[in-house]
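These notes are about the structure you will find just below.
Each value in this text was obtained by applying a stated rule to the coordinates, not by laboratory testing. None of the values given here were measured: they were computed from a predicted structure. All Cβ positions, even for glycine, are placed from backbone atoms using ideal geometry, and neighbour counts span all protein chains on display.
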Amino acid sequence: MSQWRNRPGVSPGSCTTSVLEAYGRIAGVAHPVYLVRHGQSEWNVLRLAQGQTSHPRLTELGRQQAATAADLIATDLALAGIEAGKLVTSDLVRAVETATVIGNRLGLIPERDARLREQHLGRLEGRSYEESWAADEMVDWSAPDTPIGGGESMRAVGRRMAEVVDGLPSGCGNVVVSHGDSIRAVIAHLGGLSSDVATWPEVPNGAVAGYDGQLTWL
């Protein structure tokens, strides 16, 4: 679920600030990394808050989005003359299925890492988007230390995501398959921002963000 509620500069279904305007340059990255959001899942279609619910699978469109993401990464690596390095993925089904498609295209075997999971949404998981927002209407979802739905805070998400990205090998193009809010959190973290001041961009299903000092959407 794209948790735009109470995000500065973001309204439902739109994003008024680009990723580069929101985050600028990202320092301290010694290797190119591609951040990929999983393809459309069954629960995305049903508009249900997934969080760390594992079982929702990709739809046919989701598999097509994963294949497109794989092609974009392969093309970008070839243009840059960089070899594919490591492919790591959230262990939730929708991410693993996406990573499998990408791995087949790049000749990499996905490695599962629970630190790449989506934000844990506690009691909100399985509810519709509208029910989730209504249930926590008085909660500032952008506050970095607020455990949404009694689950996990955005600061905690950014911290665990950053641990994975920081530990990737240098000198090659690495791929990280994760989830919308987790990708937003690690971009904000690497940009030196917390979720209460970062503008929250749209990260559509199958989106690929590449960065090597400069953030670029493929």
Please list 137-143, 177-183, 85-91 highest first by mean number of surrounding beta-carbon atoms within 10 Å per residue.
177-183, 85-91, 137-143
Would you report the distance distribution of C-alpha pairs in the stretch 17-217 as whole percents per 10 angstrom bin, up to the bin with the largest distance?
10, 37, 38, 14, 2
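Restricting things to alpha carbons, find the Rg to Rh ratio for the stretch 105-218 using the Kirkwood radius for Rh.
Result: Rg/Rh = 0.98.
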